[in-house]
Amino acid sequence: MVEPASVLLKYGFLIVLYLFLVWVSRNALRDLAGKTVSRPAPAAPAGLVDATGLHSLTPEGDGLEPQLVVERGVGLQPGMAFDIGDGAVLGRGDSAEIRLQDPFASGRHARLIRQGGIVVIEDLGSTNGTYLNGELLQGPQPLHAGDRVRIGDTEFVYEDR
Amino acid sequence: MSARNRELLALVPASLLLTAGFAAVFVERDDVLSDVSLTYGAIFLGLCLVAHLVIRFTLPDADPYLFPLAATLACFGLVMIYRIDETLAREQAQWFVVGLVLFGATIVAVRDITVLERYRYVIATASIILLLLPRLPGIGQQVNGAYLGVKLGPIAFQPAEFAKIGIVVFLSSYLRDTRQLLVSAGRRIGPVVLPPLKHLGPMLVVWGLAMLLLVFIRDLGSSLMFFGAFLALLYVATNRLSFVLFGLGLFAAGGWFFASTVGHVQNRIDAWRDPFDPELYDRVGGSYQIAQSLFAQADGGLFGQGFAQSILQIPGTDSQLLPAAHTDLIYAVIVNELGLVGAVGVLVVYLLIVERAMKTSIIASDSFSKLLAAGLGAVFALQVFVIVGGVTKVIPLTGVTLPLISYGGSSILANFVLLALLLAVSDKARRRTA
């Protein structure tokens, strides 16, 4: 014998459930359509397209201001930020734009080049190497926000705000 | 409306559902409209409010829908398990509380998810040890042929539930570093890019691990879950469909080989292919469970038989009509009692949770966050697919829990940790875009 109260409760349960789901879905859909910034992918120079497509490329002059923020380092204040602009050389020598005082750094240690919307880091044949996210850098690599660049005892975090 | 106020508002319908569910079960059982159901609803709302406050103070920008959706699932679980067995429901409620505490603790501990990256090898090693624990003599437990449980004195748990999170964390961190190399240093053979051998190694290790799981744990479901999550992460990290197809091919080959050699897996596949074969139906460990599950679901119809109407035991006897109704087959019980409409509701809740995870992955700014959110979403979705697929005879039935609904402490705890990590990632991601 099925109680009428029980039937009412069952349909009440289902109605509350569906109203709740419709509410969440509507908000979620609005969220998907609205807030996501779908940047038009610019024609990047050949060979520099982010091969994995995990990061959308930003067109030049989009307010992209790539910076290296000091995490720790010899003679550098943590939190200090170096603007990369169109490119910079990191090293101990006088010709380096980002001057390091780290005894493990070479004169011209590594180079950052801005190509299109991405910044590429490249080791310049340094003695002790450059580490990207804890791995020895081999060949040019594109940088992504949050990447950690280490030279000797000096560590930077790459930001592109 | 701010994100946190939305979350607060969404907890109200979740608690209403719990109240309505319990009220319906009480009416069927004792013929009274008991106000105890209101008390239960209030307690549930109170517990969720505490968790909500923890989120409000530590992760103010986190996704507002994830937690209420999870609470809805937990409310389904509590009502259904209460309807199946009162003592189990009491334990489940206790686990729910412990789960919320762990949820809060995880949120406070890993507010900054980059901490996880620092310990990635520790996490990876711990996960693998956890996976192999059930085969250690003395503490391992065999349930229906599969080795999924561990019993240490009075504490029994399913280590695979926790290992799935650890493995996703490790793979996200690992692929973040190697994904560029996997793509750029590859050798091109026709349209297919093969990753260099040196980096193929770790992929083969993960494949080997999945196969090892299949042999050691003898569970096709968990093996599929782990390997599927890996392939999903690999696809997100490299955008190469060829890697995924290659991985699927490897898995299919390995799966076919072991399925035909490991007896337990073979049994499951036989039961799946022809559950209504009288000989298989009567055999111990045969197709009785899956066949009964299908009968129960068909019996549910469009709107179901109603709360507490599902017949779980053969009347007048002790033998079970729906074996393992509170764990493996809880989805079948839901379909039986709430019908297609209720079941679709449950699946939409899961779908929305996964959608929120993917959305988080899209707006996250750094690779690790993107991979972690996508990986956690994928492993969660695959777990639902493995068990719902098993119960509905899409794939062979294996003993994986239905996240946040099935009875089981490990499952509840692990999924709350997973949820906490997703919230931590989304807080970081949304703060940037806000």
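The values are calculated or read from the model by the stated rules, or taken from the named source; none is laboratory data. Just so we're clear, the structure is a prediction, and the values are computed from it rather than from any experiment. Positions of Cβ are backbone-derived with ideal geometry, glycine not excepted, and every protein chain shown enters the neighbour counts.
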What's the number of the condition B:Gly145 fails, among (1) at pLDDT 90 or above; (2) over 17 Å from B:Ser410 (Cα atoms)?
-> (1)
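Which ones in the range B:159-178 are among the small types (Gly, Ala, Ser) and in contact with a Pro (Cβ under 9 Å, 6 or more places away or on another chain)? Break it down stepwise before answering.
From the range B:159-178, those among the small types (Gly, Ala, Ser) are B:160, B:163, B:166, B:172-173; that's our starting set.
Matches in the range B:159-178: B:Ala160 only.
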Scanning for something farther than 24 Å from B:Ala93 by Cβ, at pLDDT 90 or above and among the small types (Gly, Ala, Ser), does the range B:408-419 turn up at least one residue?
-> no
Mind checking which residues of the range B:65-114 are touching a His at 6+ places or on another chain (Cβ under 6 Å) and modelled with pLDDT of 90 or more?
-> B:Ile81
If you take the residues in the range B:272-290 that are assigned to a helix (DSSP H, G or I) and either over 23 Å from the mean Cα position of the chain (by Cα) or of a type in the set (Asp, Glu) (or both), which one is farthest from B:Gln313 (Cα to Cα)?
-> B:Arg273
How many residues does the range B:205-260 contain that are within 14 Å of another protein chain (Cβ to nearest Cβ) and part of a helix (DSSP H, G or I)?
-> 11
Counting only residues that are under 14 Å from B:Pro396 (Cβ atoms) and surrounded by 15 or more Cβ atoms within 10 Å (Cβ to Cβ), the range B:234-268 contains a total of 8
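So which of A:Gly116, A:Gly85 ends up being over 30 Å from B:Val425 (Cβ atoms) and either touching a helix residue (DSSP H, G or I) at 6+ places or on another chain (Cβ under 9 Å) or surrounded by fewer than 21 Cβ atoms within 10 Å (Cβ to Cβ) (or both)? Break it down stepwise before answering.
Details: A:Gly116 fails: over 30 Å from B:Val425 (Cβ atoms).
Of A:Gly116, A:Gly85, the one residue that is over 30 Å from B:Val425 (Cβ atoms) and either touching a helix residue (DSSP H, G or I) at 6+ places or on another chain (Cβ under 9 Å) or surrounded by fewer than 21 Cβ atoms within 10 Å (Cβ to Cβ) (or both) is A:Gly85.
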From (1) over 25 Å from B:Gln309 (Cα atoms); (2) β-branched (Val, Ile, Thr); (3) buried (at least 21 other Cβ atoms within 10 Å of the Cβ), pick out the condition that doesn't hold for B:Val79.
-> (1)
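Output the residues belonging to the range B:271-291 that are free of Cβ contacts under 8 Å to residues at least 40 places away in the same chain, crowded, with 16+ Cβ neighbours inside 10 Å and of a type outside the set (Gly, Ala, Ser). Give the steps one after another, and end with the answer.
Narrowing the range B:271-291 to residues free of Cβ contacts under 8 Å to residues at least 40 places away in the same chain: B:273-274, B:276-284, B:286-288, B:291.
Remaining after also requiring crowded, with 16+ Cβ neighbours inside 10 Å: B:280-281, B:286-288, B:291.
Result: B:Leu280, B:Tyr281, B:Tyr288.
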Could you give me the residue pairs with C-beta distances under 6 Å whose first residue belongs to the range A:127-154 and is part of a strand (DSSP E or B), whose second residue is of a type in the set (Gly, Ala, Ser) and crowded, with 16+ Cβ neighbours inside 10 Å wherever it lies, and which are 6+ apart or on separate chains?
-> A:Leu136/A:Gly129; A:Ile151/A:Ala105; A:Thr154/A:Gly73
Given the conditions (1) outside any loop (DSSP other than H, G, I, E, B); (2) in contact with a Phe, Trp or Tyr (Cβ under 9 Å, 6 or more places away or on another chain), and given that B:Asn267 satisfies all but one, which numbered condition is not satisfied?
-> (2)
Restricting the first residue to the range B:20-44 and requiring it to be free of Cβ contacts under 8 Å to residues at least 60 places away in the same chain, which pairs with a second residue that is among the β-branched types (Val, Ile, Thr) meet a Cβ separation below 7 Å and a spacing of at least six or different chains?
-> B:Ala20/A:Val16; B:Phe26/B:Val32; B:Phe26/B:Val36; B:Leu33/B:Val27; B:Ser37/B:Thr19; B:Leu38/B:Thr19; B:Tyr40/B:Thr19; B:Gly41/B:Thr19
Within the range A:20-31, how many residues are among the aliphatic types (A, V, I, L, M) and more than 7 Å from chain B (Cβ to nearest Cβ)?
-> 2
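So is A:Val16 modelled with pLDDT of 85 or more and facing chain B (nearest Cβ under 7 Å) or not?
yes
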Within the range B:334-348, can you find the residues that are surrounded by 24 or more Cβ atoms within 10 Å (Cβ to Cβ) and in contact with a Ser or Thr (Cβ under 8 Å, 6 or more places away or on another chain)?
-> B:Asn336, B:Glu337
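Identify the residue in the range B:366-394 that is among the small types (Gly, Ala, Ser) and under 13 Å from the mean Cα position of the chain (by Cα) and, among all such residues, is modelled with the lowest pLDDT. Lay out the reasoning, then the answer.
At the first step, the residues of the range B:366-394 found to be among the small types (Gly, Ala, Ser) are B:367, B:369, B:373-375, B:377-378, B:381, B:389-390.
Right, trim to under 13 Å from the mean Cα position of the chain (by Cα) and you get B:375, B:377-378, B:381, B:389.
On the way: B:Gly375: 95, B:Gly377: 96, B:Ala378: 95, B:Ala381: 95, B:Gly389: 92.
So, considering only residues that are among the small types (Gly, Ala, Ser) and under 13 Å from the mean Cα position of the chain (by Cα), the one modelled with the lowest pLDDT is B:Gly389.
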